[in-house]
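Okay, so here's the structure we're looking at.
The values are calculated or read from the model by the stated rules, or taken from the named source; none is laboratory data. Being a predicted model, the structure only gives us computed values, none of them experimental. With ideal geometry, Cβ positions are generated from the backbone for all residues, glycine too; neighbour counts draw on all protein chains shown.
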């Protein structure tokens, strides 16, 4: 990110060592990029340190919705860039935001315990080197050794205890099972939830991002009707907003080194951060070239009072949306090989 100006004309300093948008970044460079995005994402009421207290339990929800760790042609734009999670935790530890950190995802059937022929799972794979050779297991172990007074852990939301509860803000009708979801206790009982999602398109939602990331907090085995909605765009968008309602994200990060637009895997080095997920997703959609007003999930979330999708009133600091759009357009793109 280069120097820019905010809406009031004040100068906003960029990164100390700006790199091209399609450059390969080291892990320390990524930590700086994420830290700067979080700093710029602060509101007049304060940033992440004002949201998360030093003694709180923080659940970090990445997108690991596609898992084929043995495929070296894996398209990294389909999942969360692990280095964004690393940068987030590094920032929180440095700024005393949280005491317990749980990286939680409803993992697809990819672990040896679930009968996969792969010798690795989504927590231990290094994804063919797509994210600098980092894995979730290695990251958690490294943080645990470096900060023994804090707690770091992984949780598969498909195998933890759940509570079947009505959708917040809806009045359940007798016999209407679609007004209830089995939500992991981890999500319901933690102090804070932070969503870390990629900038990617979705065949039904149009864009996935934060709201799409929440679709995997409900275990598929217990909410089979959610699977039935996956072919209906409006119903799937409604399900995403329903699930988000149980514990709306206290903070959101989008992006990383990779973006996925349709079948184009794009290296972009774009990170968007903020405290309101609907606003952040709206900016992310615009960066991807979509009008947020045409995204069903964002419309439903706004109607529910969860945030605004009006770009005219969303305060954007750092590079403007148009600059980020051009970064994606100018970046190197390739079509990943079909996965077996």
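Taking the condition at pLDDT below 80 and in a loop (DSSP other than H, G, I, E, B), does residue 71 pass? For residue 71, the condition - at pLDDT below 80 and in a loop (DSSP other than H, G, I, E, B) - is met.
Going through the range 125-137 one residue at a time, which ones are surrounded by 15 or more Cβ atoms within 10 Å (Cβ to Cβ) and either over 19 Å from residue 265 (Cα atoms) or at pLDDT 80 or above (or both)? Before you say what the answer is, go through the steps one by one.
Taking the range 125-137 first, the residues surrounded by 15 or more Cβ atoms within 10 Å (Cβ to Cβ) are 125-128, 130-132, 134-137.
Within the range 125-137, 125, 126, 127, 130, 131, 132, 134, 135, 136, 137 meet the criteria.
Residues that are surrounded by fewer than 17 Cβ atoms within 10 Å (Cβ to Cβ) and touching a residue at least 60 places away in the same chain (Cβ under 8 Å) within the range 300-322 comprise 315, 320, listed in sequence order. If you go through the range 29-57 and keep only what is modelled with pLDDT under 95, crowded, with 19+ Cβ neighbours inside 10 Å and not in a helix (DSSP H, G or I), you end up with 41, 47.
Checked against the criterion of being in a helix (DSSP H, G or I), at pLDDT below 90 and over 30 Å from residue 90 (Cβ atoms), the range 157-168 has no qualifying residue.
Can you pull out the helices (runs of 4 or more DSSP H) entirely within the range 187-280 that have at least 2 residues that are in contact with a helix residue (DSSP H, G or I) (Cβ under 9 Å, 6 or more places away or on another chain) and modelled with pLDDT of 80 or more?
Those helices (runs of 4 or more DSSP H) span 209-213, 233-246.
Residues in the range 97-124 that are modelled with pLDDT of 90 or more and part of a helix (DSSP H, G or I): there are none. Every test in (1) surrounded by fewer than 21 Cβ atoms within 10 Å (Cβ to Cβ); (2) part of a loop (DSSP other than H, G, I, E, B); (3) modelled with pLDDT under 95 is passed by residue 148 save one, and that test is (3). Regarding the range 330-338, can at least one residue be identified that is part of a loop (DSSP other than H, G, I, E, B) and at pLDDT 95 or above? So far as the range 330-338 goes, no, none of its residues is part of a loop (DSSP other than H, G, I, E, B) and at pLDDT 95 or above. Hey, any hits in the range 82-93 for a residue that's in contact with a helix residue (DSSP H, G or I) (Cβ under 6 Å, 6 or more places away or on another chain) and at pLDDT below 90? Among the residues of the range 82-93, not one is in contact with a helix residue (DSSP H, G or I) (Cβ under 6 Å, 6 or more places away or on another chain) and at pLDDT below 90, which makes the answer no.
Looking only at the range 58-68, count every residue that is modelled with pLDDT of 95 or more and under 16 Å from residue 122 (Cα atoms) and tell me the total.
Of all residues in the range 58-68, those modelled with pLDDT of 95 or more come to 58-62.
In the following step, the residues that additionally are under 16 Å from residue 122 (Cα atoms) were identified as 60-62.
Residues flagged as modelled with pLDDT of 95 or more and under 16 Å from residue 122 (Cα atoms) within the range 58-68 amount to 3.
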